[in-house]
Every structure is written in structure tokens, then in C-alpha cells.
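Working notes, structure below.
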Amino acid sequence: MARSHRVGLVEPRQALDLVGALAILGRLDEAEIVRVQNAATQTEAERVEANAYLAIACMRYSRHAEARALISASLAIGGRSPCDERDTFFLRQTLGFRAYVAGRFPVALMHARRAFECATRVEFRYGKALAADLLGHCMVQTGEISRGLEMLEEALRIANETSLGWLRQAIRVSLEVYQAQFGVSRLEAVARLQNLHDELTQQDSYSQPALLLELGRQQILRGRVTEGREVLDRACRLVYGSAHRRYGALLNLRYAVAFFREGEYAQALNLVRSAVRELDLRCDRAIEVELRGFERRLLRFLGMSSDAVDARLVALTRQTGRYLSRRMNARAGLGEVSVKRAGEDPLGEICDLVARLRSAAAPEIIASGWLGLLNDALDLEPRERRLVFDLVPGSLTLFDRGNVDHVPLVSTPLLRSVAARLGTGETSKQQLVEAVWGYKYQPLKHDALVYRTISRFRHVLGRHADWLGATMQGYQLAPDVRLAFEGARVNGPSPARVDPESAPERLNYRQIDLLRCLGADDFTDVRNVREVFGVSEITARRDLVALVKMAYLARVGSGRATKYRRIETTHLN
């Protein structure tokens, strides 16, 4: 196209920049007004550029008919006049984005590469940033995750050299969302997403929902369903306020996952199917494949046939070339992932591990922080409330209708024994003392011990302390709370029961309790004794040193690493 210089009341570059800024911020109606007001005095090249900005924004919001009209207008202009590199860039960028939204990622990748080459040849820095952004997205979606993130970093570097803050902001959001989505940012993901959201301008109605949708997903993955729903409620106002149909479908999907974790299966399935009905299935394949994947899971969980959904998923995955869909299908036995690059998709690797190892994957899940995956690994009913001891040694994990809390280094033989006795039903203080400590119950001597132990147990339960309630007779766990012990000997052979009247006078009650609960393979230390018995560090150390001198315990290690273990020849009768 021939470019002609024109002079008008409105600076041409300023008008085009304004259309681009309003479009990327999601203010489509305002962008359209500016475009139309300036169309009569624009060159054909400037009309192609303005059309590109608005068409891309319309596709983001699923306003596909408007986008097709704008693309057709630009192609008609290109058919009338020869295109230079800059014009070709805008056409390629628009066609690439159309293919991306439609889920045809290999086609989008081809157009994005051509657009980047055109912008590079004419040193169009703004165009290079836009093309690098699209190229990075396409690479990530097709499985080149590291390279895609590097390309997005390059797009951000180029954008930082421009005066267009909204472009820098959009690319930063994409980077953070992808790093969280694939688990690259791991335990920092929630804080980073929240911090970036707090920095965003209120006018950005596109990036804010994107961050909130991923933040809600991350909270649910981490076993914080209640917090995740609160985040989704915040996103809801933005999504429906801007009439963003694709985000609306993703919002329904996130809510469906939360409902599933809470045991509301029918509600989850209804949300997913409603979201599918709202899509334009000719153009929104990328969103459809996500929804169909979760629909398949719900159907299988409910014992319903998923054959039709499986067939649709396989077809969609073939059409889109989407990496996450290939990996998801592989876990379901519907294909293989062509390429897996170690470390590029840590979350996917954990999900693969869960599908392969089930409960044996628990330590890796806990280390990753994605505690919500423990429900799948342990095959728990989402509605369950359960206490699980020693998923990793010394830990207690609490499951509460989708919410998961993990408390490390609190599980002791004493705590496990108390929990096991309470798990049989309502337990009086006398029954607790006789079953756990082996004492002949005497209220004046033993009530303080029981109170202290129950108080310690409630402290460990944290926000679930009300699960352990007092009764007229003693104590009991809430009726719907179940217990499980992984790798812990709870009801196995016990050391000889000790009555304080017959125990050697040189042992105090703490030392007798410790010997009673310490198994042959168990270790303890000063910190453990201090916390269990509620005494000072000096008192705890004095008790342990005395037991070593009397040959009841053996000392292992030195300094802060000092541990104590029971000498098996020890008998108290």
C-alpha cells in the first residue's frame, strides 16, 4: 500500500495508539468510536492497523462476527494495493491471533513467526513486541514452554523500550499466569499473582480477570477451596461486568472444580455443560478442550459413560495441537505426549506421578505445595473430613470437604495413640488414661495430664480445633471425622504399661510417659519433649539427660542434631 502524509486536527499516530490502548484494555466500544471517527481521514495502511487492534480485541471477547468483518476489510484493502512489510505484519498478526483464539495453535505459530520477521525487517519495535508476545503464547501452547517463556521475556524487554505501559502490563500478566499454570513459580505463585493484581490499573478489564482466574485456580490446587471461591467471586464481577464470554466460560470451569472438591458433583457438571453451550464452537476450541477435559473427569467419577466426550477430546486435541490436552489425554489413556521436557511443566509432572503412583506420590505432592492433589492421590471422597497421620513422617494432614491443611513435625507416638483411642468413639478421661498411658486412673494425679494433652491436640488441629469436642463423660471427635495412619504403628505391640505407684521413684511422670510412647524405631529430642509436655527447654533437656544416665535412652548425634532413642532392653514393671 502506498503511504501518504496527511495533516489533520488529530495526530494520526496518537489516534492509532489510542485505539490500540483502549482495545488491549478491553474498552472495545471506546476503541471503535475512535477508529470510526478517524477512518475518513486515515490512509489505507492506517486503517489496516486500526482494524488489526480492534479485531484482536474483539476476538478476545468472543465478538467473532465483528472481528471477521474487520479482517475482511483489511484483506480487501490488501487486495487493492501492494502490501509493504508493515502492512503484512498487521495482517499476519491478526490472522495469527484468529488462529490462536480458534485453538489452531500450529497455524497461529506460523503466522506469528512471519509477523515477527516482518516487524524485524522494518525495525518496527512495537510490532516486534506484539509478534513476540503472540509467538511466545503459541510456543507455550504447543509444548515449547521454556522457549515460549523466553520469547515472552523478549517481548517484555522490547516493550520496556516503548512508552506503551499497557503493553508491558499485558505481557507481565501473561508471564506470571503461565509460570503459575505450569508450576514454574511453584510456592511463590499465589503471592506473585496477588502482588501483580494489586499493581494493575483499575481500567484494565482484561488483565485483572486473567490474574484472578489463575489465582483462584492456584488456591484450589493448594487445598484452599474456600479462599479460591472468594477469589473467583471477585473475578465474577469483572468478568460479567465486561461481558467477556471466553472468561465467563473459564470462570464456570473454575467454579466447577471448586464444587467438585466440595462434593457437589451434579452442580459441577451443570456448570461445565452450561459453559460449553455459551461458546462459539467454531472459534472457541481452546476453551472447549479445557471444559471437555473436566467434563470427562466428572462423568467418570459419577460412573457415567464418557465415550462421546472422549471422542470429542481426541478430535479437538488433534485440531489444536495443544500440549496440555495431549498430556491430559495421555493420563486418561487416550494417547501419548510427543515430547516431555523435564522441568518445563512441574505441575504436569506431579499430576503424572499421582496418576501412576497414587498414594505413594504423597511426599512429592506435599513438597510441591499443591495439597489439593492429595485428594486424588489418596482416593478420598471430596466430602470427607479426615485426619491422616504421617503422610510424611511426623506430620498431620487435615482434609475438610476440599480444604487441605498440612502440619509438619507434630505427630508423636502419644498424639497418635490419643487420636486412635478417640477414633473409637466417646472416651472418658479414665478410659483415655488407662488406654494411652496405662495408669490406674486417679483424677487428682492425671486430670492435668489429660487436659494438657487435649489442649496440645487442639492446638495442632488449628482452625479445626472444634473437631475435638468435650462431652459429659470426656472427649470425642466430630462424628463425621475419620482417622487414617500412614506408616505409623498405632495399635501394635506396646511397651509394658506403667503405674506410677510401682515405677522407680527416680522417674517423674514425664519420663514415664515418654518411655511409654517411644517405640523402638522412634526418635525424640528436646524440642519435641518441650512441646508435648509444655515445659521449658531446660526441664526437657534435664529429663532426657537423666534417662540417658539411667540407661533408658541412648543419645545419637551432637549439638542441635542431637536425638534420643529408647534402649530396647529397658522394661518398667
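The values are calculated or read from the model by the stated rules, or taken from the named source; none is laboratory data. Given the structure is predicted, the values throughout are model-derived calculations rather than measurements. Cβ placement follows ideal geometry from the backbone for every residue including glycine, while neighbour counts extend to all protein chains displayed. Note: areas computed on protein heavy atoms with side chains; ligands, DNA, RNA excluded. Shrake-Rupley method; radii C 1.70, N 1.55, O 1.52, S 1.80 Å.
Select from segment 513-538 the residues that are more than 38 Å from the chain's Cα centre (by Cα), part of a helix (DSSP H, G or I) and in contact (Cβ under 8 Å) with a residue 12 or more places away in the chain and list them in ascending order. Matches in segment 513-538: Asp513, Leu514, Leu515, Arg516, Cys517.
Here Thr88 does not fit the description of being modelled with pLDDT under 85, of a type in the set (Val, Ile, Thr), open to solvent by 20 Å² or more (accessible area, probe 1.4 Å) and out of contact with any Phe, Trp or Tyr (no Cβ under 8 Å at 6 or more places or on another chain). Select from segment 1-20 the residues that are among the hydrophobic types (A, V, I, L, M, F, W, C), in a helix (DSSP H, G or I) and open to solvent by less than 30 Å² (accessible area, probe 1.4 Å) and write down the one among them that is modelled with the highest pLDDT. My answer is Val19.
When segment 473-493 is filtered for residues that are at negative phi, open to solvent by 50 Å² or more (accessible area, probe 1.4 Å) and at pLDDT below 85, the ones remaining, listed by number, are Glu486, Arg489, Asn491, Pro493. Residues of segment 277-296 that are in a helix (DSSP H, G or I) and free of Cβ contacts under 8 Å to residues at least 24 places away in the same chain: Arg277 alone. Does segment 156-168 include one or more residues that are under 22 Å from the mean Cα position of the chain (by Cα), assigned to a helix (DSSP H, G or I), modelled with pLDDT under 95 and of a type in the set (A, V, I, L, M)? No - not one qualifying residue is present in segment 156-168.
Here is a yes/no grid of residues against (1) aliphatic (A, V, I, L, M); (2) open to solvent by less than 10 Å² (accessible area, probe 1.4 Å):
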{"residue": "Pro413", "(1), (2)": "no, no"}
{"residue": "Ala420", "(1), (2)": "yes, no"}
{"residue": "Glu434", "(1), (2)": "no, no"}
{"residue": "Gly438", "(1), (2)": "no, no"}
{"residue": "Phe457", "(1), (2)": "no, yes"}
{"residue": "Gly462", "(1), (2)": "no, no"}
{"residue": "Trp467", "(1), (2)": "no, yes"}
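Residues in segment 534-550 include at least one that is surrounded by 11 or more Cβ atoms within 10 Å (Cβ to Cβ), acidic (Asp, Glu) and modelled with pLDDT of 80 or more. Once segment 416-453 is narrowed to residues that are within 22 Å of Ala465 (Cβ to Cβ) and basic (Lys, Arg), the residue that is farthest from the chain's Cα centre (by Cα) is Lys429.
In the set Glu199, Glu264, only one residue is of a type in the set (Asp, Glu), more than 11 Å from the chain's Cα centre (by Cα) and within 21 Å of Arg172 (Cα to Cα); that residue is Glu199. The set of residues from segment 69-85 being assigned to a helix (DSSP H, G or I) and either more than 23 Å from Gln319 (Cα to Cα) or at pLDDT 85 or above (or both) comprises Ala69, Leu70, Ser72, Ala73, Ser74, Leu75, Ala76, Ile77, Gly78, Gly79, Arg80, Glu85.
From the list Ala76, Ala23, Ala31, the lone residue that is more than 18 Å from Asp284 (Cβ to Cβ), buried (at least 20 other Cβ atoms within 10 Å of the Cβ) and more than 34 Å from the chain's Cα centre (by Cα) is Ala31. Here Arg261 meets the list (1) open to solvent by 30 Å² or more (accessible area, probe 1.4 Å); (2) touching a Pro at 6+ places or on another chain (Cβ under 6 Å) almost entirely, failing just condition (1). Every condition in (1) among the polar types (S, T, N, Q); (2) farther than 27 Å from Arg285 by Cβ; (3) open to solvent by 30 Å² or more (accessible area, probe 1.4 Å) holds for Gln319 except the one numbered (2). Candidates in segment 322-350 are the residues that are assigned to a helix (DSSP H, G or I) and out of contact with any helix residue (DSSP H, G or I) (no Cβ under 7 Å at 6 or more places or on another chain); of these, the one that is surrounded by the most Cβ atoms within 10 Å (Cβ to Cβ) is Leu324.
Among residues of segment 219-239 that are free of Cβ contacts under 8 Å to residues at least 60 places away in the same chain, those with a beta-carbon under 6 Å from a residue that is open to solvent by 50 Å² or more (accessible area, probe 1.4 Å) and in a helix (DSSP H, G or I) at least six positions away or on a different chain give the pairs Gln219/Glu227. Taking the criterion of being assigned to a helix (DSSP H, G or I), small (Gly, Ala, Ser) and either open to solvent by less than 60 Å² (accessible area, probe 1.4 Å) or in contact with a Leu (Cβ under 9 Å, 6 or more places away or on another chain) (or both), the only residue of segment 306-316 that qualifies is Ala315.
One residue stands out in segment 101-147 among those that are under 26 Å from Thr317 (Cβ atoms) and among the hydroxyl-bearing types (Ser, Thr, Tyr): the one that is least open to solvent (accessible area, probe 1.4 Å), namely Thr142. Filtering segment 379-397 down to residues that are without any contact (Cβ under 8 Å) to a residue 40 or more places away in the chain and within 22 Å of Phe259 (Cα to Cα), which residue is most open to solvent (accessible area, probe 1.4 Å)? Result: Asp379. Any residue at all in segment 178-192 that is open to solvent by less than 20 Å² (accessible area, probe 1.4 Å), at negative phi, in a loop (DSSP other than H, G, I, E, B) and at pLDDT 90 or above? Within segment 178-192 (the criterion being open to solvent by less than 20 Å² (accessible area, probe 1.4 Å), at negative phi, in a loop (DSSP other than H, G, I, E, B) and at pLDDT 90 or above), the answer is yes, since at least one residue qualifies.
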